[in-house]
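The values are calculated or read from the model by the stated rules, or taken from the named source; none is laboratory data. Small disclaimer: the values here were computed from a predicted structure and weren't measured. Using ideal geometry, Cβ is built from the backbone for each residue, glycine included, and neighbour counts are taken over all protein chains shown. The area values use the complete protein model at the heavy-atom level, side chains included, leaving out ligands, DNA and RNA. Shrake-Rupley method; radii C 1.70, N 1.55, O 1.52, S 1.80 Å.
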Amino acid sequence: MSSKRPLERAEALKRMVDALKQGAVMLNLQCPVCSSPLFRLKSGDIWCVKCQKRVVIVKEGQEVMSAISDLLLSALEETLLRKLNDLNQKMREEEDLDRLVELCSLLSRILDNLERVRRIARMR
């Protein structure tokens, strides 16, 4: 068991170095679970490299649900953008006109939802 701890520490340190090399910024905040330094990734997410989990910082006076809502809206926007990218690829390859009509309808619904998510995010 004691031989496992130095290995875990070395792995966590390597992940920290890798995060810095990829442009992450080490913050002067600690993980509430393991007390390791937190990092702000290029995406803006706060990350604990030791726990390998996203950390949500709730500012003083901010409600927890408000912070979670912001995180959820960001994740929804990212998901919709990925789906648009996937759909774009399928539309490029599709030759059947009936299937293209279906894909265009789906494209319209995804774009509508993306607009809604962005509108809600701007209102916050």
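Between Gln30 and Leu100, the contour length at 0.36 nm per residue exceeds the alpha carbon distance by 20.2 nm.
By how many degrees, between 0 and 90 and to the nearest 10, does the Cα long axis of helix 4-21 differ from the longest principal axis of the chain? The helix 4-21 is inclined about 50 degrees to the chain.
Among the trypsin sites (Lys or Arg not before Pro) in segment 15-108, those placed in a DSSP loop whose Cβ has at most 14 other Cβ atoms within 10 Å are Lys42, Lys59.
Annotation for Glu60 and Asn113: the two label points, set 7 Å from Cα along the Cα-Cβ direction, are 4.0 nm apart.
Taking all protein chains as shown and a probe of 1.4 angstrom, Met26 keeps an accessible surface of around 90 Å².
Ordering Leu97, Val117, Ser43 by Cα displacement along the dipole of the chain toward the positive end leaves Ser43 in first place; charges were set at the Cβ atoms of Lys, Arg (+1) and Asp, Glu (-1). Taking 0.36 nm per residue of separation and subtracting the current Cα-Cα distance, fully stretching the chain between Ala10 and Asp86 would add 23.6 nm.
For segment 12-124, a Kirkwood radius taken over Cα pairs fed into Stokes-Einstein (10 °C, viscosity 1.306 mPa s) yields D = 95 µm²/s. The GluC sites (Glu not before Pro) of segment 1-97 that meet both conditions, a loop assignment by DSSP and at most 10 other Cβ atoms within 10 Å of the site Cβ, are Glu60, Glu63, Glu95.
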